[in-house]
C-alpha cells in the first residue's frame, strides 16, 4: 500500500495566535492578520528580531529573522507585538490534540507544524483531499486560525507541497508531480538547502531543484561529502523516514542555549561569565533528560552580525556544568577573532543516555562537581529555578541564571 502523509503548518503561527487571543477577548479588536504587523523581541534589549509577520507586512519586504529597526524602516506604521510563548504553547497543544482525532501517528516537527500519517485512514475519513479539507475547516472553525496542508507519499514531498502557496491552502506533490511542482523551484527552496549551500550550488551552475536532481550524485558527494547524497535524494523526492507515533518519546539530538547581549562584549573575561551561565543552563537540561554529551559547540555572533562556530569531540562524556564550561571556554579562545561580540551560544551534541556511560581511564574526575550539580537540581526542583545559583553568577553582569533564562545587566559591559 502506498503511503499517504499530511504536513500541517499553521500560517504565521505566532501572529495568528496573538490575533485569535485578542479577538476572543474583544470581538471588535483589530485583527493583526489584516494589517502590517509582526511578532518581535524588544529592540531595546537588542533581541528585536522579527519572529512572525502578517501577509500585509510581507508585502513591504519584511522577512522573518530581520532586525525590528530594519522592518520599521520598510514600514513606519508597522505594529510590533512582544512574543508570548506560553500562549503559543497552549495553542500548539490544542492543535495537536485536535489532529489526534484523525490519526494516532503524529510527529511534531515544531511548535506550529507536524506530520500526520494518513495511510489506512481513508475508510474512515475518505480520500486524502477530502480529509485535508475537513481538517482545515475543523481547525478554522474550532481554533479560529488557518493552516496549510501538504499531501504526498513521504514527509519531504508533503512538506514541500505545503510551501507551494500560502495561506489557507491544500496542495499535493505526489511523485508523478515532481517534474512540474518541485523541479522548477529555485534551489534554495529545497528543504535543508541553506543560504551558504545555495551559494555553493549556484557557483556550480545549479540554479533550480531540477538542475540539482539532474546533477551527478558522485559530483555532489565530491563537493559536499555525505550531504551531497542527501541533496541528490531530496531533489529527486526520495525520503523514507517513518512518522513517529503520537506517544513516542523522542530523545533530543542536541541541547543548547544562546543569548543576545544588551551590550557588546569586548573581552574574554566578560565572555567567560556569559559562557558559564549558558553552560549551567545546558547542563541542567541534559541532566533533566538523563543525557550526557560527547560534543560541545560554541557559537559567536559579532557586532556586525557575522556568525561562526567551533566544536570539539570530547573523551569524557559529560553533563556537569563545570565540564561543559571548561570546553566552552577552550573553544571560545580557539575561535574568537577579537571583535565585539553580540551573541554567544553553547550547544551539547552527540547525546547518549547517562546510565550507559562508561568511565574512561583518562577522563577527568568530575564526581565532586556532579554532586554539587545534583544538590542544586534538587533545590531548584523543590523551591523553583531562582532558589539557588553559582556565586560567580552573582557578578554585576550576570544578574541571574538558574538553568533557565539568562538575564544580563547591560551596564556592566564597558
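Can you spot a residue in the stretch 84-94 that is assigned by TED's automatic domain parsing to the domain that holds residue 141, over 27 Å from residue 140 (Cα atoms) and part of a helix (DSSP H, G or I)?
No, the stretch 84-94 contains no residue that is assigned by TED's automatic domain parsing to the domain that holds residue 141, over 27 Å from residue 140 (Cα atoms) and part of a helix (DSSP H, G or I).
Take the stretch 154-179 and flag every residue that is crowded, with 24+ Cβ neighbours inside 10 Å, over 23 Å from residue 16 (Cβ atoms) and in contact with a strand residue (DSSP E or B) (Cβ under 6 Å, 6 or more places away or on another chain).
173
Being farther than 30 Å from residue 209 by Cα and either loosely packed, with under 14 Cβ neighbours inside 10 Å or touching a residue at least 40 places away in the same chain (Cβ under 8 Å) (or both), is that true of even one residue in the stretch 107-119?
Among the residues of the stretch 107-119, not one is farther than 30 Å from residue 209 by Cα and either loosely packed, with under 14 Cβ neighbours inside 10 Å or touching a residue at least 40 places away in the same chain (Cβ under 8 Å) (or both), which makes the answer no.
When the residues of the stretch 72-95 are narrowed to those that are under 18 Å from the mean Cα position of the chain (by Cα) and surrounded by 16 or more Cβ atoms within 10 Å (Cβ to Cβ), which ends up modelled with the lowest pLDDT?
Top of the filtered list is 83.
Given the condition surrounded by fewer than 17 Cβ atoms within 10 Å (Cβ to Cβ), in contact with a strand residue (DSSP E or B) (Cβ under 8 Å, 6 or more places away or on another chain) and farther than 30 Å from residue 153 by Cβ, answer yes or no: does some residue in the stretch 273-290 qualify?
Yes, that holds for at least one residue.
Go through the stretch 313-333 and give me each residue that's surrounded by 15 or more Cβ atoms within 10 Å (Cβ to Cβ) and more than 27 Å from residue 375 (Cα to Cα).
Matches in the stretch 313-333: 331, 332.
So which of 302, 315 ends up being farther than 28 Å from residue 196 by Cα and over 20 Å from the mean Cα position of the chain (by Cα)?
When all the criteria are applied, what remains is 315.
Tell me which of these residue 34 doesn't satisfy, since it passes every other one: (1) surrounded by fewer than 17 Cβ atoms within 10 Å (Cβ to Cβ); (2) closer than 24 Å to residue 258 by Cβ.
(2)
I'm trying to understand the selection: among the residues of the stretch 311-349, which are without any contact (Cβ under 8 Å) to a residue 40 or more places away in the chain and more than 18 Å from residue 253 (Cα to Cα)?
Within the stretch 311-349, 326, 327, 330, 331, 334, 335, 337, 338, 339 meet the criteria.
Sort out which residues of the stretch 224-238 are surrounded by fewer than 21 Cβ atoms within 10 Å (Cβ to Cβ) and either modelled with pLDDT under 95 or not in a loop (DSSP other than H, G, I, E, B) (or both), and write them in order of number.
Of everything in the stretch 224-238, those that are surrounded by fewer than 21 Cβ atoms within 10 Å (Cβ to Cβ) and either modelled with pLDDT under 95 or not in a loop (DSSP other than H, G, I, E, B) (or both) turn out to be 224, 225, 226, 227, 228, 229, 230, 233.
If you go through the stretch 61-71 one residue at a time, how many are surrounded by fewer than 18 Cβ atoms within 10 Å (Cβ to Cβ) and either under 19 Å from residue 8 (Cα atoms) or touching a helix residue (DSSP H, G or I) at 6+ places or on another chain (Cβ under 7 Å) (or both)?
1
The values are calculated or read from the model by the stated rules, or taken from the named source; none is laboratory data. All of these numbers come straight from a predicted model, not from anything done at the bench. As a convention, Cβ positions derive from the backbone with ideal geometry for all residues, glycine included, and neighbour counts pool all protein chains shown.
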